[in-house]
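Asker: Structure below; questions to follow.
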Amino acid sequence: MTTTTNLSLLSALRTLAANHLDHLDQQRQAAEQRRRDAEAAYRRDQIAISRSDAIAFLATNLPATLGEVVSDDQWTGYPGRPSLGTHTAAAPLGEGIWVLYHEAITNYTVDVGIHLVVPCPCGAYIEILCEDDQALAIALDGIDRWQAAPDTCTQACSPATWPELPKEAR
């Protein structure tokens, strides 16, 4: 009879051990899901901050030009990069040209601004900082003159350093 009892105890122990392992696995999966949910929420918050910062910057610094034509819902925010202290958002202007808001915070400076991102015939981009409505007007005049001969590289271009723009907009 001792053998039967020992087998019953061993069987019960195996069942308990399997149940315990299942419980630990469920806890691990739940913790992983909580981590993914927190990461997704953080990412959504960063995207929302990027968009709202772009909208506010435009309203304050370029209200007579871009502020009149770029609506709030046209902005696509990108998650910030905490290690670089960045926030970025982009909006299409048409003809392959984008307006890009970018903020980078370092230990000693805050670099924030609106850039026009213009495709160059060589495949790179021309990035033009537009600090206010006047700078934007001058930049647009320069783009109009450059587009008169659109098959020649401007030599003012650089590889894109911004988030990937959707291919259908290029």
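Asker: Sorted by mean Cβ packing within 10 Å, highest first, what order do the peptides 74-81, 91-98, 26-33 take?
Answerer: With the highest mean Cβ count within 10 Å placed first, the list reads 74-81, 91-98, 26-33.
Asker: So how much slack lies between ASP141 and ALA38, counting 0.36 nm per residue of separation and subtracting their Cα-Cα distance, in nm? It would help to have the intermediate numbers written out before the result.
Answerer: Details: separation 103, 0.36 × 103 = 37.08 nm, distance 4.57 nm.
My answer for the length gained is 32.5 nm.
Asker: Can you tell me, using C-alpha contacts under 8 Å and at least 6 residues apart, the relative contact order of region 41-84 as a whole percent?
Answerer: Worked out over region 41-84, it gives 61 percent.
Asker: If ligands, DNA and RNA are left out, what is the accessible area of VAL69 with a 1.4 Å probe, given in Å² to the nearest 10?
Answerer: 100 Å²
Asker: Something else: When only Cα pairs under 8 Å and 6 or more residues apart are kept, what is the percent relative contact order across region 7-100?
Answerer: 23 percent
Asker: Could you derive backbone 3J(HN,Hα) for region 136-142 from the dihedral phi with the Karplus parameters 6.51, -1.76 and 1.60 (θ = phi - 60°), listing whole Hz in sequence and x where the residue is Gly or Pro?
Answerer: Residue by residue, region 136-142 yields 5, 4, 5, 4, 5, 4, x Hz.
Asker: Could you derive backbone 3J(HN,Hα) for region 55-72 from the dihedral phi with the Karplus parameters 6.51, -1.76 and 1.60 (θ = phi - 60°), listing whole Hz in sequence and x where the residue is Gly or Pro?
Answerer: Per-residue couplings from phi come out as 4, 5, 5, 4, 5, 7, 9, 9, x, 7, 10, 4, x, 8, 10, 9, 7, 4 Hz.
Asker: Tell me, what HN-Hα J-couplings in whole Hz come from the Karplus equation 6.51 cos²θ - 1.76 cosθ + 1.60 at θ = phi - 60° for each residue of region 117-133, using x for Gly and Pro?
Answerer: Values per residue, Gly and Pro as x: 10, 10, x, 9, x, 7, x, 8, 10, 9, 10, 10, 6, 10, 6, 7, 4 Hz.
Asker: For region 73-141, calculate the relative contact order in percent as a whole number, restricting contacts to Cα pairs under 8 Å that are 6 or more residues apart.
Answerer: Result for region 73-141 is 19 percent.
The values are calculated or read from the model by the stated rules, or taken from the named source; none is laboratory data. Quantities reported herein were computed from a predicted structural model and do not represent experimental measurements. In this analysis, Cβ positions are derived from the backbone assuming ideal geometry, glycine residues included, and neighbour counts consider all displayed protein chains. Please note that ligands, DNA and RNA were not included when accessible areas were found on the heavy atoms of the full protein model with its side chains. Shrake-Rupley method; radii C 1.70, N 1.55, O 1.52, S 1.80 Å.
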